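A short write-up of the structure that comes next.
The values are calculated or read from the model by the stated rules, or taken from the named source; none is laboratory data. Note that this is a predicted model, so its numbers are computed, not measured. All Cβ positions, glycine included, derive from the backbone under ideal geometry; neighbour counts span all protein chains shown. Note: areas computed on protein heavy atoms with side chains; ligands, DNA, RNA excluded. Shrake-Rupley method; radii C 1.70, N 1.55, O 1.52, S 1.80 Å.
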Amino acid sequence: MAHLSLYRKYRSQRFEELIGQGHVVRTLQNALGSQRTAHAYLFTGPRGTGKTSTARLLAKALNCERPENGEPCNACEACVSITAGNCLDVFEMDAASESGVDDVREAIVEMAEYKPTFCRYKVFIIDEVHDLSAKAFDALLKTIEEPPEHIVFILATTEYHKVPPTIRSRCQKFEFHRASLQDLIARLSYVAGQEGVQVQPAALSAIARMADGGFRDALTLLEQAMLTTDGEITLQHVYDQLGLVAEESIDALLLAIRGQEIPQMLGILEEIARLGRDPRSILESMLMRLADLTRAAYGIELGAGFDAAREAALHELATHLDRERLLWLRSEIAEAHKAIRDISLPRLWLESELIRMALGPRAAPPVAEAPRAQTAPVVKPQTARSDAPSRAPAASKPAASVPPEPVVPAAPSAEPEAPVVPVPVEKTGDPEFDRAQEVWAKAAAELSTLSRTMALRLPNARVHAYREGKLEIAFLGKLDRDWFAEVPKRHGAVVEHVQKHAEAAWEVAYVVAEGARPVRQEEPRAVEVSVEGQKLAEMAKEVFGA
């Protein structure tokens, strides 16, 4: 006889054996007891939670010759043949391998026309139904909508959203939940007892956590551990078999990160790598341990599988690593776990990431406080000037406690190395033009304090022309002009400051003046120009004829 895997050997044969799906069992048994069963069911939920097992149980309960309170007897011909998988009236189809429209027509649509051979109902169980093609769903739709009285459909899927709404609306939906940690440990303990295998409670807990709520995954992992040991299954054996890292090593690694003990941290990583653990499994083990530490830090019940000593050690470590640091580490390690799949040298990369995590939280505060120490002396004298000269020496005394106050007004000067370069004003004798230059000089001085880039571009800007409330600013190049003209926010800031100092609603435009300096364009006027040197000698010759 061929060897049966544990998940097949211990498949539930009665509704009462289904663990963690009480809401499904209760509804199905009520429908069976009142003989108000549906013609189509849709079972959805994560893998390994009992969808296919429940479908077979429902098929047995519908065709059982001696049902008791909705439970199959498992002794009649129908129950025995369905359990053995050779019942002629129960068809199981895997949509992952038979997804075409021809498969559906041959296996379901055409067979649905014939009555059952000896059972009460002909049951079609379609596993992974979401893998059916669109044409296959169309071929199945009419049969599911109006099936013969002797037909029952049971559809199972792990991806409910991929099932067309036309199919979903014609089925009774049942959602299967992931198993709790306690349910998995209880089931694993029962199976281990039936198999005569000794397993440490901590080892059962580790297997249950790795199963992620799936009964089939848990039994598969248990069977793998049973096949690789001759005696008791220990926690260390489970770690070695599943490729996990021992909790003691992870705890030491977390403490080294918290204490910024880089040599010790690198030594732990070297020892873990020597045992054959890859960087991805290290991150997974750290995430699982941090999840337990977070629960302990917030007083959440840890559940079965934790003895008093392990739980006390967990609470002590969670207290040592404060809540804020725990949450920060979980976020950082989760990001590293996502990024490591694309790294060509994952071991070296992981070392640098853990070093960064160790130095990160403590290195950040001095960097954030550095600008405050620089801005305090600059802002303080300005505010003290308006009071009295005698208060100037006292300003240095509370300097250490005052920095938080000038932080907000001094925010625009986050880049102190950008000097404010005044725009020169050249008197021309034209009152309106000279006033326009003064307005622009004041506006440019204020604008240069907003950002370093603006402070570097404004000294090259000059007043090009002013006529009846229209101010033209000339730049030496098109790049500087477009930097102001093409961004509404920057242009709005220029207009706002110009109108503020002009005390009028001036318009602002930008032009490009090629050359070293922009030239003011205006109507030519007759002016007297003084001459000297060679030019004066030539003019004297022309006048006096010398």
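A 1.4 Å probe run over the protein chains yields, for the stretch 1-115, 52 Å² of accessible area per residue, whole-number rounding.
Kindly flag which residue pairs out of Lys60/Lys135; Lys51/Lys162; Lys9/Lys173; Lys427/Lys489; Lys115/Lys162; Lys60/Lys122 have an alpha-carbon separation exceeding 20 Å in this structure. Intermediate results must be reported in sequence, preceding the final value.
Numbers: Lys60/Lys135 31 Å; Lys51/Lys162 17 Å; Lys9/Lys173 28 Å; Lys427/Lys489 31 Å; Lys115/Lys162 31 Å; Lys60/Lys122 11 Å.
Violating the 20 Å Cα-Cα cut-off are Lys60/Lys135; Lys9/Lys173; Lys427/Lys489; Lys115/Lys162.
Could you give the accessible area per residue of the stretch 147-194, probe 1.4 Å, as a whole number in Å²? Don't jump to the answer; show the numbers that get you there.
Working: 2330 Å² over 48 residues.
It amounts to 49 Å² per residue over the stretch 147-194.
For His161, the accessible surface of its heavy atoms amounts to roughly 130 Å² (probe 1.4 Å, protein chains only, rounded to the nearest 10). Taking amide H as placed 1.01 Å from N in the peptide plane, the amide H of Val512 sits under 5 Å from that of Phe475, each at least 5 places away or on another chain. Legend: residues Tyr121, Tyr10, Tyr114, sorted from most to least accessible area (1.4 Å probe; ligands, DNA and RNA excluded), read Tyr114, Tyr121, Tyr10. In this structure the stretch 259-322 gives 50 Å² per residue of accessible area when probed at 1.4 Å with all protein chains present. Given in Å, the Rg to one decimal and the Dmax to the nearest whole number for the Cα atoms of the stretch 132-194 are 17.6, 49. A probe of 1.4 angstrom, applied to the heavy atoms of all protein chains, finds Leu348 with accessible area near 110 square angstrom.
Between the listed residues Gln236, Met226, Thr294, the Cα displaced farthest toward the positive end of the dipole of the stretch 188-334, a dipole computed from Cβ unit charges relative to the Cα centre, is found at Thr294. For the stretch 105-218, the equivalent ellipsoid built from the Cα gyration tensor has semi-axes of 39, 18, 11 Å, listed from largest to smallest.
Share of carbon and sulfur in the accessible area of the stretch 133-287 stands at 49%, probe radius 1.4 Å. For His464, the residues 5 or more places off, or on other chains, whose built amide H falls under 5 Å of its own are Glu472, Ile473, Ala474.
Loop-only check: which GluC sites (Glu not before Pro) in the stretch 33-129 are DSSP coil with at most 12 other Cβ within 10 angstrom?
Glu110
Note on exposure: Leu476, Leu235, Leu354 ranked by accessible area (1.4 Å probe, complete protein assembly) read Leu476, Leu235, Leu354, with the most exposed listed first.
If DNA, RNA and ligands are ignored and the probe is 1.4 Å, what is the ranking of Lys338, Lys427 by accessible area, most exposed first? Before the final figure, lay out each step's value.
Values: Lys338 115, Lys427 140 Å².
In descending accessible area the options line up as Lys427, Lys338.
Of the whole protein surface, Thr453 contributes about 60 Å² of accessible area at a 1.4 Å probe radius.
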